[in-house]
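First comes the structure, then the notes that go with it.
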Amino acid sequence: MNKVEITVDGGYKPSEVKVKVGEPAKLVFNRISDKGCLDQLNIPALNVKQQDLPLNEPQEFELDTSKAGEIDFACGMNMFKGKVVIE
């Protein structure tokens, strides 16, 4: 299982990640700052809405990598954005 780690600290670092089609993958979000609206996460393609991201507690989300495309994610207020590119 490929784990893609995203640090949540004043934005998403990195804000764009790439995974390969057909290879199992998980996104791991780790919020290390209590500043801003990054305490919640939306991933529409995964039906994740207003998911709480507790401080310093990594949260994992499995990805469907069966076909190429993009999966967008954003903070609770849709101000900070990122994406996963499946290629």
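The values are calculated or read from the model by the stated rules, or taken from the named source; none is laboratory data. Source: prediction; values computed, not measured. Don't worry about glycine lacking a Cβ; one is built from the backbone with ideal geometry, like all the others, and counts go over all protein chains shown. Note: areas computed on protein heavy atoms with side chains; ligands, DNA, RNA excluded. Shrake-Rupley method; radii C 1.70, N 1.55, O 1.52, S 1.80 Å.
A few remarks follow.
- Per residue, in Å², the accessible surface of the chain once ligands and nucleic acids are set aside, probe 1.4 Å: 59
- With the alpha-carbon atoms of the stretch 19-58 aligned to their principal axes, the span from lowest to highest coordinate is 36, 19, 13 Å, starting with the largest.
- Beta bridges per DSSP with both ends in the chain, % antiparallel, nearest 5: 60
- Note: the chain, Cα convex hull, 72 Å³ per residue.
- Only Lys, Arg (+1) and Asp, Glu (-1) charged, at Cβ; the chain dipole about Cα centre in debye: 160
- The chain, relative contact order [Cα under 8 Å, separation at least 6], %: 34
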